[in-house]
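Heads up: the structure comes next, in structure tokens.
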Number of protein chains: 2
Amino acid sequence: MAEANTRRRARGGGGAARRAERTAVRIETAKYIERNIPNFEVLNDEALEIIETNAETVLEEVGVNFVDNPAALERWRNAGADVDGERVRLPRGLARELIKTAPSQFTQHARNPEKSVVIGGRSLVLAPVYGPPFVRDAKGGRRYATMDDFNKFVKLAYMSKWLHHSGGTVCEPTDVPVNKRHLDMLMAHMTLSDKPFMGSVTDPSRAQDSVEMCEILFGKEFVQENTVMTSLTNINSPMTFDDVMMGSLEVYARNNQACIISPFIVGGAMAPVSVAGTLTQVLAEVLAGVAYSQIIRPGAPAIFGAFVSSIDMNSGAPTFGTPEAAHITYGAGQLARRLGLPYRSAGSFCGSKLPDAQAAYETANSLNMGLLSGVNFMLHACGWLEGGLVADFEKFVMDADQLGVLHGLAKGVAYDENAQAMDAIREVGPGGHYLGCAHTQANFKDAFWKTELLDYKPFETWEEEGARDTRTLASARVEHLLAHYQQPHLDPDKLAALTAYVEEKKASMPDAFS
Amino acid sequence: MAEANTRRRARGGGGAARRAERTAVRIETAKYIERNIPNFEVLNDEALEIIETNAETVLEEVGVNFVDNPAALERWRNAGADVDGERVRLPRGLARELIKTAPSQFTQHARNPEKSVVIGGRSLVLAPVYGPPFVRDAKGGRRYATMDDFNKFVKLAYMSKWLHHSGGTVCEPTDVPVNKRHLDMLMAHMTLSDKPFMGSVTDPSRAQDSVEMCEILFGKEFVQENTVMTSLTNINSPMTFDDVMMGSLEVYARNNQACIISPFIVGGAMAPVSVAGTLTQVLAEVLAGVAYSQIIRPGAPAIFGAFVSSIDMNSGAPTFGTPEAAHITYGAGQLARRLGLPYRSAGSFCGSKLPDAQAAYETANSLNMGLLSGVNFMLHACGWLEGGLVADFEKFVMDADQLGVLHGLAKGVAYDENAQAMDAIREVGPGGHYLGCAHTQANFKDAFWKTELLDYKPFETWEEEGARDTRTLASARVEHLLAHYQQPHLDPDKLAALTAYVEEKKASMPDAFS
């Protein structure tokens, strides 16, 4: 696995330097994952073809609604759809024809070119949790998120080796007016990190602001010719495309920026209670959404999204890490690959209120399934708690550590002469041990994934050190990382221009909190 | 999924009966898993062929040791091996020729015929943790295991819907003399449960006792013609077959009982530090062990075992839920299928000292990998803690609940007309919701896996109820299950005969504690 951009903090000389070295925080970012393992596929060809045929039937007979968006209806009419009020019905094959211009993979550029990512093909890009109005940590409990929390999460993401992407709304900074918080969030991603990030979708004007800030950061021409943002366009399932999301999509597509077209599904509520039925609806919705993006600008990057959870039929609560969610995620990956579109799904999903065992079971189930289902862009890859209502500081670093496991799994198995290790087997022989043999000495440093969090100490040592559970270890790691954060360099002229842009925008309108 | 043997406790009539009903514990046992999903394969044909060729080279050039076992050496000599001292070298192809008589699947009979299991093919049988000298629960902390603990675990396994098997040494009852505890353990499995179980391997005489107790339980003739026990024969890796394990294997194979031939590998210590090298050694060891079982009795059931963990190179501690362990488990499954042998691997593995998030991440990684790697018999499927040193009561029921997820995943995806749900999509349409529609009403009861442990309640309710974490919920579930345990019926004559056998055996020798 190639790893880029190693940096090491150290101060002074001699003993002080060595001590500093031992406690220093290495800022490393792994390259995005390039899978060297197969995808796991649960649907056979017959099932896939039935679902694809049914999705065309849904588009043709039932159609989708584009709400409060007369311009979209006009575009659809011109593209050959049957428009009746806000209902858009797509003749069989129209959506598939339109999406042919969407690229199967694209590069999202970061301001640090070493951290640019490829989305699509065999790649997997990992980004943190998106959207929680609350945060939680062991010390402060559950509370509304603030801009201070937001900045901390951006710093943690910047310092997390296995995160390739800074994400978007890592939490909702509820102490900043709704109509201005996107400016502060973008500033945080642009100045506190140098990883790629996401644009605002809460209003078309805020999408436009996101584009303009990127024009300052990357240069106007660069932005028009390259993709520097992804954006999360949720579909209001079933089959409803609202004006805010579509208005934002129009801005991004027009500017060649990437849109994740993502049905938001709680199975049994926003989609049928069956896996095949849900996949049919997801496919129909994504086809309509991606087709619309290509009407706006042929060739604009679009991602096949699927946010899926199952449901607790007693309470109506969404449930995560379940077999049904896994089947949908595996199946949607197959459908996305057959369309030749990059695929977004999975994440550190859980329903638990605490970063406890329930959270970890559910999360590990979801992360493993995400890797094996061929996801190309995994939003929510760390920090998600309580059905997405909470961004949890401890869980953020716990999950981020587990993302290293995904990197290791994706590497696949080497079988060159060194990996075959026949010399070692001959050297050690029956009854011996391998710890000291030449092959082990030559290979042990890179042989195993290493946690930066979990405890492997003997029981007695662990007990003497306070019998700490995972959450306690994670609290210490959060504190340690934030204490050692160092801001990446940014051209002072760009910083000044961004600051001026944000100040001017904020001054141009009164605060709004809804 | 077919489910057998539902029983319901209820007392009295009217309101009392309804109240009893609500708090009653349903004793259900799911049928063993019959996979309707593919296996996940990480090795290509070239890699598999290299590993297979190398394993033959290891057997031919390096060989294996059969220690303190002159009869085994004699048998090997007669079978065509090159025997030099205790070293046995197998000419290329000899082991493969010998193992041809081993069945690719077999039935292990339970005393309750509805709970008999098929091991091999597409099946997956789940059995609890095996071997820990310590137990732990939230109330009592970590302590040496006793027979009372053992009995409790057997009861919990009996009451766990997703466990198909009662296992063997679910913990070491350290308060019973070493030379007598196998008798009490077998009595517990035979009388407190009606699920299939494992025999003793700590001494050939104890294996013989296990056979004799089974002859009482099942009838002498039945035992000779059928398999009623599995047994765990660990190989002392690298490539050493000790006399205790092989002596036990000889007893079981001679009596047509199943042996798991299982290399015990901490990667980098007992096998090379590389995945391909470890797989080579595992394959060589299993080939030698299974071949030996077929020399003893051609056709005796033998299982390709692989206990694998990676290692923390700083401390030497075994590590679990890691990518390297996953690669070995996936690869060994491929090798087992190419040999046509049932496959044993994976489990609720973790290194954590507590049933916390670390434990759950590691366990979920291991369980998912076990299912997808095509394991047929999963020992340690629940209750494992602290690298196998501890059987944890709370983790037992936590893991056992997660085994339901494996059942759901293994079902695969239905795509019949009902599953396609086109009527539902037509009925609900854009902007509607599915909760009340006819398809949901008809299907919701079986649509989703249901936890019996995890919390999906709204935050406020959860907080009012004491903000309980998973371990706290699990403590309550352990207590509830044990309070509602009811012993399955056993023929009083058999019970009397078993009791007399155990008493006589115990009286025949002085206590020994080593």
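The values are calculated or read from the model by the stated rules, or taken from the named source; none is laboratory data. Since the structure is predicted, the reported quantities are computational estimates derived from the model, not experimental observations. Heads up, the Cβs are rebuilt from the backbone with ideal geometry, glycines too, and the neighbour counts pull from every protein chain shown. Quick note on the areas: whole protein, heavy atoms, side chains included, nothing else; ligands and nucleic acids left out. Shrake-Rupley method; radii C 1.70, N 1.55, O 1.52, S 1.80 Å.
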* **Value in Å of the Kirkwood radius, where the range B:244-295 supplies the Cα pairs that are averaged** => 11.9
* To do: List the relative contact order of the range B:153-272 as a percent without decimals, with contacts defined as Cα pairs under 8 Å and 6+ residues apart.
  => 23
* To do: Please list the non-local residues whose amide H lies under 5 Å from the amide H of residue A:319, H modeled 1.01 Å from N, same-chain partners needing a gap of 5 or more.
  => A:310, A:311, A:312
* Do you know which residues of the range A:242-275 lose at least 30 square angstrom of accessible area in the protein assembly compared with their chain on its own, with a 1.4 angstrom probe? -> A:268, A:269, A:272, A:273, A:274
* Structure fact -> Given a 1.4 Å probe, the accessible area of the protein assembly as shown per residue, as a whole number of Å², is 34
* **Degrees separating the helix A:181-192 axis from the principal Cα axis of chain A, which is the longest one** => 40
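Total Å² of accessible surface buried at the B-A contact, 1.4 Å probe, nearest 100?
Working: alone 21840 and 21840 Å², together 34620 Å².
Result for this pair: about 9100 Å² buried.
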* Could you bin all the Cα-Cα distances of the range B:98-411 into 10 Å bins starting at 0 and give me the percent of pairs in each, rounded to whole numbers? => 7, 30, 39, 22, 3, 0
* Of all the accessible heavy-atom surface of the range B:68-182, with the other protein chains kept in place and a 1.4 Å probe, what percent is carbon and sulfur? -> 49
* To do: Compute the acute angle (0 to 90°) between the alpha-carbon long axis of helix A:275-296 and the principal axis of greatest extent of the alpha-carbon atoms of chain A; round to the nearest 10°.
  => 70
* How many lysine pairs in the range B:98-411, separated by 8 or more positions in sequence or lying on different chains, have Cα atoms less than 17 Å apart? -> 15
* **Order by protection proxy (mean Cβ within 10 Å, highest first), peptides A:33-41, A:130-138** => A:130-138, A:33-41
* Asked: Counting only DSSP beta bridges with both residues in chain A, what percent are antiparallel, rounded to the nearest 5?
  -> 45
* Structure fact -> Of the convex hull enclosing the alpha-carbon atoms of the protein assembly as shown, the direction-averaged projected area in nm² is 43.1
* Asked: In terms of Cα to Cα distance under 13 Å, which aspartates and glutamates are near enough to residue B:457, apart from those fewer than 8 places away along the same chain?
  -> A:312, A:386, B:465, B:469
* Structure fact -> For peptide A:323-329, the mean count of other chain Cβ atoms within 10 Å per residue Cβ is 5
* To do: Could you pull out every residue, at least 5 positions away or on a different chain, whose amide H is within less than 5 Å of the one on residue A:264? Hs are placed 1.01 Å off N in the peptide plane, and Pro or chain starts have none.
  => A:235, A:237
* Collect residues whose amide H, placed 1.01 Å from N in the peptide plane, falls under 5 Å from the amide H of residue B:385; neighbours closer than 5 in sequence don't count. => B:390, B:392
* Asked: Relative contact order for chain B using alpha-carbon pairs under 8 Å, separation at least 6, rounded to a whole percent?
  -> 17
* To do: Multiply the residue separation of residue A:139 and residue A:459 by 0.36 nm, subtract the distance between their alpha-carbon atoms, and state the gained length in nm to one decimal.
  => 112.6 nm
* Each residue of the range A:382-393 in order: what ³J(HN,Hα) in whole Hz does its phi give by Karplus 6.51 cos²θ - 1.76 cosθ + 1.60, θ = phi - 60°, with x for Gly and Pro? -> 8, x, 6, 9, 6, x, x, 6, 10, 9, 9, 5
* Any chance you could check the Cα centroid distance between the range A:323-348 and the range B:273-350 for me, in angstrom? => 31
